[in-house]
Amino acid sequence: MTKNWKTKLIHSDARVPEGFRSLSTPVYRASTVLFPNAAAVSDAWNQYEVGYTYGLYGTPTALELAGRICELENGVRTLLTPGGQAAISLINFAFLKAGDHVLVPQSIYGPNRDFARAVLRRFGVDVAFYEPTIGSGIAELIKDNTRLVWCESPGSITMEVQDVDAIAHAAHQKKALVVLDNTWSAGVYFDAFAHGVDVTMQALTKYVGGHSDLLLGSITARDLALYEQLGATHQLVGCAASPDDCSLALRGMKTLAVRTKAIGESALELANWLGPRPEIELVLHPALPSCPGHEIWKRDFTGATGVFSIVFDHKFSKPQVLAFVDSLELFKIGYSWAGVTSLAVAYDFGTAKGRPGYDHRIVRLNIGLEDVEDLRADLSRALEKMTNP
Ligand SMILES: Cc1ncc(COP(=O)(O)O)c(C=O)c1O
């Protein structure tokens, strides 16, 4: 067929040599996916069953990342979302309906708690919050209509390590599902499915991405029935993950082991150094006995990553705590964590119901890949300035 040059812009006959091989997964961007014939057209979402049908359900770039996350987490299948918070909302949409009851730990990531309060309650779901170290005591809170029990271990900011086995045991007796935010462990230091979890999610934004430059989430299911329910909802909610971000995450994943090792070692060293400092009341690092649930961390986790919190002595005012954060030079101030740059954020639990009495005295640290002695010197300078401005 002869073609006008304008047609050639769309339907080119140019060919590239075959046989290219490299070490990276190509970035396949697509909304439209081509079918071999008219009868083959289908909008089915499960690309593993029906082949590729639409970019929303994942191009090979996204499915490779999903497969690799699934392999690391020992699940049966993984879905990707445009961020960790999207994974959280999708899980809720997939499993909850009006009249159901859901249990959420008080230590859960703030927007997860806000979603439960603002959206789930508006849709007629009965939301109750529980003390994160409750363990088997959760049995008393589980009702006949409890459908989901959320866990996050360690919890956001306050770092309580949860007895996931005990919670899962109690939940399963009443046929409730257990969902775990497994972001802190990077999906590798806590084998969630071996501890009774049904569905995990991670903000891949954090350690898998690892460089503070992408947003992605994952949801991994323990069995195919759960995956089917999640996948059907993923389709309807339209939660596509960008292939470009998936490509960055695939690259980040290759260095996950060396990053988490180096970051974890520096974090532990700094946490141990901070513990005895006179300015500090408490170091909330799961590997230290001062962290609630430390014994469970020792029992269940195979490593620690680089996020922990410090609680200042009662004598320090809020302006002094803020001044500590402001006087850090290497630690930058900003949300999200698990990148290569150290970060510090001060929180104030003054009015929060059900949170420990740390009020304005808590600061969360994200340890990056800077030299640990430089980080120690930075913290030391800021602590001295806080006491003697
Ligand atoms: C524990 C935890 N879960 C989920 C999220 C949400 O991830 P994203 O920022 O990718 O939406 C975050 C983000 O800070 C988090 O800390």
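Matching residues to (1) touching a Pro at 6+ places or on another chain (Cβ under 9 Å); (2) in contact (Cβ under 8 Å) with a residue 40 or more places away in the chain; (3) among the charged types (D, E, K, R):
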{"position": "Y189", "(1), (2), (3)": "no, yes, no"}
{"position": "A194", "(1), (2), (3)": "no, yes, no"}
{"position": "V199", "(1), (2), (3)": "no, yes, no"}
{"position": "Y207", "(1), (2), (3)": "no, yes, no"}
{"position": "G210", "(1), (2), (3)": "no, yes, no"}
{"position": "L216", "(1), (2), (3)": "yes, yes, no"}
{"position": "I219", "(1), (2), (3)": "no, yes, no"}
{"position": "D223", "(1), (2), (3)": "no, yes, yes"}
{"position": "Y227", "(1), (2), (3)": "no, yes, no"}
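Take the residues of region 264-284 that are open to solvent by less than 20 Å² (accessible area, probe 1.4 Å) and in contact with a strand residue (DSSP E or B) (Cβ under 8 Å, 6 or more places away or on another chain): which is nearest to P389 (Cα to Cα)? Checked region 264-284; the qualifying residue nearest to P389 (Cα to Cα) is E279. Considering only region 97-104, I want to know if a residue exists there that is part of a loop (DSSP other than H, G, I, E, B), within 16 Å of the ligand (Cβ to nearest atom), touching a strand residue (DSSP E or B) at 6+ places or on another chain (Cβ under 7 Å) and closer than 20 Å to V164 by Cβ. The answer is no, given that none of the residues of region 97-104 is part of a loop (DSSP other than H, G, I, E, B), within 16 Å of the ligand (Cβ to nearest atom), touching a strand residue (DSSP E or B) at 6+ places or on another chain (Cβ under 7 Å) and closer than 20 Å to V164 by Cβ.
When residues in region 228-245 are screened for being open to solvent by less than 50 Å² (accessible area, probe 1.4 Å) and in contact with a Phe, Trp or Tyr (Cβ under 9 Å, 6 or more places away or on another chain), 8 of them pass. Scanning region 44-75 for residues that are over 21 Å from S24 (Cα atoms), aliphatic (A, V, I, L, M) and open to solvent by less than 60 Å² (accessible area, probe 1.4 Å) gives A44, L56.
Scoring I134 on the criteria (1) over 20 Å from T205 (Cα atoms); (2) in contact with a Leu (Cβ under 6 Å, 6 or more places away or on another chain) leaves a single failure, condition (2). Within region 307-320, the set of residues being within 20 Å of the chain's Cα centre (by Cα) and either open to solvent by 40 Å² or more (accessible area, probe 1.4 Å) or closer than 21 Å to A249 by Cα (or both) comprises V307 only. Hey, could you check region 107-133 for residues that are closer than 15 Å to V179 by Cα and polar (S, T, N, Q) and say which is nearest to the chain's Cα centre (by Cα)? Looking at residues that are closer than 15 Å to V179 by Cα and polar (S, T, N, Q), I get N112. Residue count for region 362-389 satisfying the condition of being acidic (D, E) and outside any helix (DSSP H, G or I): 2.
A residue that is in contact (Cβ under 8 Å) with a residue 60 or more places away in the chain and within 13 Å of the ligand (Cβ to nearest atom) occurs somewhere in region 64-81. Checking each residue in region 82-96 for being in a helix (DSSP H, G or I), within 16 Å of the ligand (Cβ to nearest atom) and out of contact with any Gly (no Cβ under 6 Å at 6 or more places or on another chain) picks out Q85, I88, S89, L90, I91, N92, F93. Going by the conditions given, is A304 part of a loop (DSSP other than H, G, I, E, B) and crowded, with 21+ Cβ neighbours inside 10 Å? Yes.
Against the conditions (1) acidic (D, E); (2) crowded, with 18+ Cβ neighbours inside 10 Å; (3) without any contact (Cβ under 8 Å) to a residue 12 or more places away in the chain, E373 satisfies every one except (2). Criterion applied to A352, A323, A287 was being over 30 Å from R117 (Cβ atoms), in a loop (DSSP other than H, G, I, E, B), open to solvent by 20 Å² or more (accessible area, probe 1.4 Å) and away from the ligand (no atom under 16 Å from the Cβ), and the one residue passing it is A287. Scanning region 27-43 for residues that are crowded, with 18+ Cβ neighbours inside 10 Å and either out of contact with any helix residue (DSSP H, G or I) (no Cβ under 7 Å at 6 or more places or on another chain) or at pLDDT 95 or above (or both) turns up at least one hit.
Here the condition is being in contact with an Asp or Glu (Cβ under 9 Å, 6 or more places away or on another chain), over 20 Å from R381 (Cβ atoms) and small (G, A, S); of G264, G293, it holds for G293 alone.
The values are calculated or read from the model by the stated rules, or taken from the named source; none is laboratory data. None of these values were measured; they are calculated from a predicted model. Backbone-built Cβ (ideal geometry, glycine too); neighbour counts: all protein chains shown. Protein only, heavy atoms only, side chains kept; ligands, DNA and RNA dropped before computing areas. Shrake-Rupley method; radii C 1.70, N 1.55, O 1.52, S 1.80 Å.
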